[in-house]
Structures are given as structure tokens and as C-alpha cells.
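The values are calculated or read from the model by the stated rules, or taken from the named source; none is laboratory data. All of these numbers come straight from a predicted model, not from anything done at the bench. Cβ atoms come from the backbone with ideal geometry, glycine included; neighbour counts cover every protein chain shown.
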Amino acid sequence: MWKKNKIEYKRLYAIFWWQFQNIINTIRPVWGKYKWWTPCMIITPIAVLILYYVPSNECIDNARYILSAISQSLAAMLALTVTVMFMVAPMAKRYSAMRTILFNPIIVFSMIAFGTGIILPLFALKFGWFYIGVNLSIVIAIFCILSLFPFFKKVSDVLMYDAGYVILYGEILDAITLESETKADQGIIELESICKYAIEEFRENVVKDILIQLSIIGKKSAEKRFEYATYRVVNGLRDGGIKSIDKGFDDITTAGVVVDGLGGIGVEVAKNRPDYYWSVIVRKVTDSMESIGVKAVEKGLGSTTIRTVSGLKDVIVELGRDTGLSDMKSKYVAANAVQGVWCLGAFVTEYMPLHVDNVLQNLKEIEKEIGKDLLMKWRENCVNKYPHLKSSFKEFTRRYDEG
């Protein structure tokens, strides 16, 4: 009876935790979008309460001075914000940038608030609304000042997400075409930074576009033999893929894009690896794909997991092509990739048994390329790497041997 109740409690806990995670994933994007309004929503009501309950100074001269100061200060701030918009618009390098910035709902709302804060004190001075006019003007002034946070955030978003990453992508491709690795490397750093910000702010479409762009850039960098740029792209794709999975993004359009991109870069680099450093890049690619694959399995993302296994297989096949893994560098990297496939097979057996056959099929294709002896030899370290999957690895190995 006790065991039965324990199983039922575990089931109810799992259901509760799943629902809780769904609620959090629903709230996060909303919070990420509107958190910059939090100071306005908290401090402005507090100011209203203070002005309502605390007795005010009845001096009319003081009231006139306050109203005049508020109107002039807000007018100066409004001029500053308009100047910032005119400075930012050319940076976007788009003819429609000014319209996008100026007629954004958040910015229009801020402009209306500033206009009200400037005009209201003038009406209060004209008609003698000293008590109510001063209080309202102070509240609106506080709101306007605090609204500068979401205002400048929106301007920054327009610059980065509406135009910035697209412009950077074009500049990086131009730099690669002109064989300027330093300029390409600088652009990749900026593009990765925008991707990180987009992930934190749950801009899934922007993240998807940047990951696709990084995949293309990485492959072209590999073709041009840009070592540092290629390595940096691999790092950026790995971080973007893992963080996208953690944020609960759609695995087909984010993490799936990452493993496809890493696979393409790995195959391109494996075609021609004349020195040690390029072997390091292939190793980095396979390690990154394994990390993303493991994370995808743990999160139940079947599509990304299978695409990871397939990508590792493609890199292994390319490493074995022509040379037949005759050099030590190729053997070292291929052994690491093969081990990654075996480890993912153990993870799939443990967490997603329905996909085991797909992993087994990819292993059979790898066996045709490198031979069964190497395939069996390179699987040994998997248990040492993930000791908690020992039983799952044995089961996966048994199914492979029987197949």
C-alpha cells in the first residue's frame, strides 16, 4: 500500500512540476518584454500615495516655482530623447529606421506623457490650479523620468533586432569575401552578443535567424581557412543551442538549426585539415554537438537528438574519406565523435527508447566507413564518461550486437 501511494505521489509531483514549468515558460516572455516598466509601475503609485496623505506646503510662490521647473525640465528631456532618436536612426542604415523608431507604440506613449507633463504645469499656472496642479505635475514628471528606461530600451531593440544583426551579417560576409579575418572576427563577436541578448529576452525568431546566419558564416570561414573566426562561430553556436534548449525554444528552429550548422562546419573542416589546429576545431565541433545532443535528450527533444547523431555520423564519414583514418589526428578526432554517438545511444536508451533504432542505423552506417573493429574499440570510454548510464549502455550495446 505504501509503495502504491509513493508511486502515486511521484506521478502527481511530476504532473505538478510539468504544469509549473509551463506556467513559468508562459510568464517569462511577458516578463522579459515588460520588466522595464516595473519602476514606473511601482514608484509612481507610491508617489501618488505620498502626495495624497502627506500635507503639502500652501505657499503659492513655491507652487509657481515647482510648476515652472517641471515644465522646463521635461521639455529639456524631451529635446534630449528626440536628439537621441535622430542620432540612432542613421546607425540603423535603413531608410525606414526613423519611422520604425518614431511611431513605435511605446515611444509614442512616452512622447504623449512628456507632452502632458510639459503642458499641464502651464495650464496650472494660467488657471491657478496650484494644489491639484502641483501634485499631478509631480506624478507625471516622475512617470516620465522613469519611462526613459523602457524608452531607451526600445530604441536599443530597434537598433539591434530590427536592423543591427542583419547589417552585421552582411558586413561579416563581405569581410570573408575580402579575406579580412580580423574584421570578420569582430563582426562575429557582435553577432554573438546580440544572440545572447535575444535569448535572454525570449526573442525566438531573432535567435533562429542569427543561428542560421552563424551557421552560414562558420561554413564560409572554414572554406576560407579562417581558423579563429571558425572556432569562435562553433563556440557561439554551441552556447546558443544549449541556452535555447534551456529557455524552452522550439528545438526544430533553434537547437536543430545549431546541430545542422555545426555538422556542416565539421564536414567542411574535415575535408582539409593540414595542421593540428584544424583538428582541434573538428574536435570542438563534435564535443559541442554531443553536449547539445545530451541536453536535447534530457529535455525530450527527439528531432534535435536525431539530427545530432546524424551530424556526428557525417563528420566521421568525412574524416574517414580518402585517408581511411590513416593519420593520428584524424583517428583521434574520429574516436571522440564515435564515442559521442555511443554515449548518445545510451542516453536515448535511458530517456527516449523510441529513437534507439535511429541511432543504431547511424552506427551501422559509420561501421561501413571505419570498420567494426574501430567502432567497438572506441566505445569503451562511454561508461567512464557517464557512469550513471552503465545499464543503459549495456542494453544499447546488446541491441547493436544483435542487429
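Being within 25 Å of Lys271 (Cβ to Cβ) and in contact (Cβ under 8 Å) with a residue 40 or more places away in the chain: is that true of Ala346 here?
It is false that Ala346 is within 25 Å of Lys271 (Cβ to Cβ) and in contact (Cβ under 8 Å) with a residue 40 or more places away in the chain.
Looking only at the range 220-236, how many residues end up being part of a helix (DSSP H, G or I) and either surrounded by fewer than 19 Cβ atoms within 10 Å (Cβ to Cβ) or touching a Leu at 6+ places or on another chain (Cβ under 6 Å) (or both)?
Adding up the residues that qualify gives 6.
Taking the range 373-399 as the region of interest, how many residues are closer than 20 Å to Ala334 by Cβ, over 37 Å from the mean Cα position of the chain (by Cα) and surrounded by 11 or more Cβ atoms within 10 Å (Cβ to Cβ)?
Final tally of qualifying residues: 3.
Looking at (1) touching a residue at least 12 places away in the same chain (Cβ under 8 Å); (2) under 14 Å from Asp401 (Cα atoms), find the lone condition where Gln339 falls short.
Checking Gln339 against (1) touching a residue at least 12 places away in the same chain (Cβ under 8 Å); (2) under 14 Å from Asp401 (Cα atoms), the one that fails is (2).
Kindly list, by first and then second residue, each pair from a residue in the range 243-268 that is surrounded by fewer than 19 Cβ atoms within 10 Å (Cβ to Cβ) to a residue that is at pLDDT below 90 and of a type in the set (Phe, Trp, Tyr), limited to pairs with Cβ atoms under 7 Å and residues at least 6 apart or on different chains.
The qualifying pairs are Lys247/Phe202.
Test Ile176 against the criterion of being buried (at least 18 other Cβ atoms within 10 Å of the Cβ), closer than 23 Å to Lys243 by Cα, touching a helix residue (DSSP H, G or I) at 6+ places or on another chain (Cβ under 6 Å) and not assigned by TED's automatic domain parsing to the domain that holds Asn235, and give yes or no.
No, not satisfied.
Collect the residues in the range 114-134 that are of a type outside the set (Phe, Trp, Tyr) and buried (at least 20 other Cβ atoms within 10 Å of the Cβ), keeping them in residue-number order.
Gly117, Ile118, Leu120, Pro121, Ala124, Gly133, Val134
Can you pull out every residue in the range 343-361 that is buried (at least 21 other Cβ atoms within 10 Å of the Cβ) and not hydrophobic (A, V, I, L, M, F, W, C)?
Gly345, Thr349 - these are the residues of the range 343-361 that are buried (at least 21 other Cβ atoms within 10 Å of the Cβ) and not hydrophobic (A, V, I, L, M, F, W, C).
Report whether or not Glu190 is more than 30 Å from Pro105 (Cβ to Cβ) and outside the structural domain of Val233 (by TED's automatic domain parsing).
Criteria not met by Glu190.
Which residue, of Arg203, Arg225, Arg238, is on the phi < 0 side of the Ramachandran plot and either among the small types (Gly, Ala, Ser) or more than 10 Å from the chain's Cα centre (by Cα) (or both)?
Among Arg203, Arg225, Arg238, only Arg238 is on the phi < 0 side of the Ramachandran plot and either among the small types (Gly, Ala, Ser) or more than 10 Å from the chain's Cα centre (by Cα) (or both).
Considering only the range 317-326, I want to know if a residue exists there that is modelled with pLDDT of 85 or more, surrounded by 17 or more Cβ atoms within 10 Å (Cβ to Cβ) and assigned by TED's automatic domain parsing to the domain that holds Gly241.
Yes.
Hey, does the range 265-286 have a residue that's assigned by TED's automatic domain parsing to the domain that holds Ala335 and under 25 Å from Gly164 (Cβ atoms)?
Taking every residue of the range 265-286 in turn, at least one turns out to be assigned by TED's automatic domain parsing to the domain that holds Ala335 and under 25 Å from Gly164 (Cβ atoms).
Yes/no per residue for (1) under 28 Å from Lys154 (Cα atoms); (2) not aromatic (Phe, Trp, Tyr):
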| residue | (1), (2) |
| --- | --- |
| Asp209 | yes, yes |
| Leu214 | yes, yes |
| Thr230 | no, yes |
| Arg238 | no, yes |
| Gly248 | yes, yes |
| Leu262 | no, yes |
| Val267 | no, yes |
| Tyr277 | no, no |
| Lys284 | no, yes |
